[in-house]
Amino acid sequence: MASYQMNTPKSGNLSTPARPTCPNSISKVRVIIRVRPFLPSEIFSRNGNPLSCVSVLDDSSQEVTVHLKDQDTSRNECYKLDNFFGQEDYNVNQIFQREVSPLIPGVCHGCNATVFAYGATGSGKTYTMQGSEELPGVMPLAMSSILSMCRSTGSTAEISYYEVYMDRCYDLLELKPKEIAVMDDKDGQIHLKGLARVPVNSMAEFSEAFSCAVQRRKVAHTGLNDVSSRSHGVLVISVSTPSKNGSGDFITGKLNLIDLAGNEDNRRTCNEGIRLQESAKINQSLFALSNVVYALNNNQPRVPYRESKLTRILQDSLGGTNRALMVACLNPGEYQESVHTVSLAARSRHVANFVYSAQRRDTTDKIDMEAKLQAWLESKGKTKSNKKVGALGSPFFSRTPSSVKSTKKVDTWQRSAKAKAVSKQWISDLAERPQNVPDSNLVQNGGLVDPVMK
Ligand code: ADP
Ligand code: MG
């Protein structure tokens, strides 16, 4: 097996086709929702008549309005996102055809693309990305599509598969005693030192390498799922295509397909010890990812790639002309968990559409602090829910009457002295720090850092 090097095409000798640059008003990372069906056990425990907490209100325009409703208390929230795939038994194929397939031609032309499955444990991320032999997920579907394309373009494909566990990178194709070192070279390129890279010419070859490697991923039993993935699993399909300029050079693009570890509410998982530490790391890195997506979608001058190992590795695949898709997976029976997932996804997607200037930056920073505070308060379950779609679809940012409600919610909780102190510290810490430095010191949970959920 050859050693893996993360290479972004250099503009000089590569014929990367020009792609239209995204205007500010279009999200650069698309964020879509995928709701899994109720499982037989869930149908049984709800007396055969389960009601979903997720529905779509309006999908007439380029975006959809997703409505989350707690069937027990009638609390509800609305969020705007890029697309919605409902509970039909097998919506993975539709997601692949409509959202993932359009990314593939770019990869054969030297661009990078990334698909993340994001959501709580048990929400269907692994089902969506890996699938099963009978119902293949996005990973095998993409491999198959890339192999067909290779046949017509004369390209070749290779795969790597690694996991990021507790902020460390491990090769899953080839067992190694140590973690994979992530290094930057002087050109700012990221290298995963020694990561295996296997040529793939057929689906049989892919299945052989991949099915073996999947078994090595770190999983554990938690209170929410019998086999909960404790790491982010990343399949990289690299495609090398002979350059058309006759130089004998190759252009290389890659597709990163990521089954993220589930964000966890430890009040529900009953995690302890190492599970609790894993969970804190998972939630922290998911928050870091959401910060990167937010910065990209909002043209922020600095993208906080270095906040986590995963975002650091993906630095050459996110932003610029690269494309990305976040699939937020939902369990239809879990209202609060769905609110956490969708609010973070909607926050990531939000496009401020602003022109950067020193003066504007003050306003944006302040609003971002409010968003972080609000997300954290909600994750603690300290706020009561309201309907919160603003003018731009963000639950946190607009200054419409609905966002006034959001501010009120913070005020309500701030009545407690402890809450007041924490939120004050949170805001002043954020205000004093440069934008997007890690939030790891802000919320301590018995020595464990967990900014997303407790
Ligand atoms: P996660 O990876 O988010 O923890 P899983 O992918 O393991 O969640 O899914 C949780 C459970 O839901 C699994 O039993 C899986 O088979 C089931 N599931 C998810 N999506 C579907 C679907 N579309 N149809 C049937 N079962 C599904
Ligand atoms: Mg999983």
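The values are calculated or read from the model by the stated rules, or taken from the named source; none is laboratory data. The model shown is predicted, which means the values in this text are computed figures rather than measured ones. Neighbour counts are summed over all protein chains in view; Cβ atoms, including those assigned to glycine, are modelled from backbone coordinates with ideal geometry.
Going residue by residue through the range 109-128, is there one that turns out to be of a type in the set (S, T, N, Q), closer than 20 Å to ARG30 by Cβ and in a strand (DSSP E or B)? Yes, some residue in the range 109-128 is of a type in the set (S, T, N, Q), closer than 20 Å to ARG30 by Cβ and in a strand (DSSP E or B). Of all residues in the range 172-218, exactly one satisfies the criterion of being within 24 Å of the chain's Cα centre (by Cα) and of a type in the set (Phe, Trp, Tyr), namely PHE210. Against the numbered list (1) in a helix (DSSP H, G or I); (2) at pLDDT 90 or above, ALA328 comes up short only at (1). So which of GLY137, GLY188 ends up being at pLDDT 95 or above and of a type in the set (Gly, Ala, Ser)? Step by step, each of GLY137, GLY188 is checked, and only GLY137 is at pLDDT 95 or above and of a type in the set (Gly, Ala, Ser). In the range 123-132, the count of residues that are surrounded by 21 or more Cβ atoms within 10 Å (Cβ to Cβ), under 16 Å from ILE237 (Cβ atoms) and more than 16 Å from ligand 1 (Cβ to nearest atom) is zero. When you scan the range 28-51, how many residues do you find that are within 17 Å of the chain's Cα centre (by Cα) and of a type outside the set (D, E, K, R)? Counting residues in the range 28-51 that are within 17 Å of the chain's Cα centre (by Cα) and of a type outside the set (D, E, K, R) gives 5.
The residue that is surrounded by the fewest Cβ atoms within 10 Å (Cβ to Cβ), counting only those in the range 29-80 that are of a type in the set (Lys, Arg) and within 30 Å of ASN299 (Cβ to Cβ), is ARG30.
Each residue in the range 95-122 was checked for being polar (S, T, N, Q) and at pLDDT 95 or above, and 3 pass.
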